[in-house]
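Visitor: Before we start, here is the structure in question, set down as structure tokens.
None of the figures in this text is laboratory data; all of them are computed from the coordinates on show. Since we're looking at a predicted model, the values are computed, not measured. Quick reminder, even Gly has a Cβ in these numbers, built from the backbone with ideal geometry, and neighbours come from all protein chains shown.
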Amino acid sequence: MRSRLALAVVLSGAAASADVYVPPIGSSGPPPAPRSLRATTEGVVVHVSPGEESPRRGLVARGQRVPYMGQAWAPGCAAPWYRVDPEGYACGEMFEPSPEPAEALPQPAVPEGRLLPWAYGYARADGAQVYLREEEVHTDEWDHELDPGFGLALDRIVSVVGRRFWRTRRGRLIRAGEIAEARPSEFAGVTFGPDSASAYAWVKSREAYLHDRPGRSGRAGAVEVVGRLAVLPVVEERNLRGRAFLRVGPDRWVDSRDVRRTTPTARPADVDDDDRWIDVDRAEQVLTAYEGDRRVFATVVSTGRALRSTPEGEHRIWVKLATSHMDNFEDDEVEEFYSLEDVPWVMYFSEGVAIHGTFWHDRFGDRRSHGCVNVSVRDARWLYGWTLPVVPAGWTAAFPTSRQPGTLVVVR
């Protein structure tokens, strides 16, 4: 998915709210240092050093209690600048000091047993009418319509004038019958351990047929049938009559044309032995995460289609967002618009092109996106935690710094 760079919340400041500590009457000496700081404003901007002119480090979500690590005075804030990270300061006007220890959740916070932080849905084939307030439902004066397939982040079902509506996370109301709830794929990639196979392959069609010897393919004579996206450890490759066959188990061979597989690539020249970097193989539709020369994770993905190809070359993650709204409303040349709210675990690496979680399809292994690298929500969550810059608990965005440059992403 290619974003229109609607990242205003990340690139602009948040309104201040006065929640500054006032010492009680009759007290002497400075107040005790707080142990934590509770964000009282949504999207509190964190800077690399004290002062509003300092580069942005990230954003803290409202209500999250982050650690207090000291303070300093600098222009742009009537209160002290609180240190909330080894490389981050935020204006004290945006926080409520607390004697309690820091207690923040990784963002977006996912309830136990769930794949996603909240429900998602799509406007059905006839579109959906959007009401901004309950009063509009009573008068049946809806505000606007959503095109079929537009994605929404959903809060809960409510009853208005005896009818069921979805309330979205932005407070809008849509008739429940006009929304199809998303059913995200539970697919996940593989991690490489000491005992892992040297390579893996994933079935790319509805099913693949395994044979007891190389050189055979198709249903006839197959000894086993495996379904789409089944993962197969590759232990040997043999070329016969110009075709490659992969041994994926004892007396089990598969035609390489029926799978997507990991293909090792050389470490870029500017990557050190223990540096983390990502390889995106567009031909195989496979993403591989490396630490130096060592593969640590691999999965199948969906990159951009022909007219919206994922940009080739070496890039670095320039911002990580807990969620991001994505649409193409500013692209005058498109034939069809799309809009997706709160896409989770987003890692932008080339302007508005990102690696991100995908709840609207499970066609991983096929080119499907508008330029981004679509991965399953399980894989996106893993990659979001593994890549640099680190996003501290309670933060909804993080920019790279000199100490934490963004992870290198190689697209080939």
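Visitor: If a cysteine in the chain has no other Cys Cβ under 4.7 Å from its own Cβ, put it on the list, ordered by number.
Guide: Cys with no partner Cβ under 4.7 Å: C372.
Visitor: Among G218, G149, G58, which one shows the highest mean-square fluctuation when the chain is modelled as a Gaussian network with alpha-carbon springs under 10 Å?
Guide: Answer for the Gaussian network model of the chain: G218.
Visitor: Towards the positive end of the charge dipole of the chain, with charges on Cβ (+1 Lys, Arg; -1 Asp, Glu), say which of V373, L240, S185 has the farthest Cα.
Guide: Towards the positive end, the residue furthest out is L240.
Visitor: Does region 85-140 come out rounded, prolate or oblate by the C-alpha gyration tensor, with a ≥ b ≥ c the root eigenvalues, rounded set by a/c under 1.5 and, if not, prolate when a/b is larger than b/c and oblate if not?
Guide: Details: a/c = 3.15, a/b = 1.92, b/c = 1.64.
It is prolate, given that a/c is not under 1.5 and a/b is the larger ratio.
Visitor: Nearest 10 degrees is fine. How inclined is helix 377-386 to the longest principal axis of the chain, computing both from alpha carbons?
Guide: 60
Visitor: Pick from P32, P108, P233 the residue whose mean-square fluctuation is largest in a GNM of the chain, springs joining Cα atoms under 10 Å.
Guide: Comparing P32, P108, P233 in a Gaussian network model of the chain, the most mobile one is P32.
Visitor: Share of Cα-Cα pairs in region 276-411 beyond 22 Å, in percent? Before the final figure, lay out each step's value.
Guide: On the way: 2907 of 9180 pairs.
Cα-Cα pairs of region 276-411 separated by over 22 Å account for 32 percent.
Visitor: For the chain, set up a GNM with springs between Cα atoms under 10 Å and report which of E103, E136, E42 has the largest fluctuation.
Guide: Looking only at E103, E136, E42, the biggest GNM fluctuation is shown by E136.
Visitor: Based on the Cβ-Cβ distance of E312 and E112, what FRET efficiency does E = 1/(1 + (r/R0)^6) give at R0 = 45 Å, to the nearest 0.05?
Guide: Numbers: r = 40 Å, r/R0 = 0.89.
Plugging the Cβ-Cβ distance into 1/(1 + (r/R0)^6) gives 0.65.
Visitor: Work from the charge dipole of the chain (Cβ charges, +1 for Lys and Arg, -1 for Asp and Glu, about the Cα centre) and give the residue of N328, T139, G304 farthest towards its positive end.
Guide: G304
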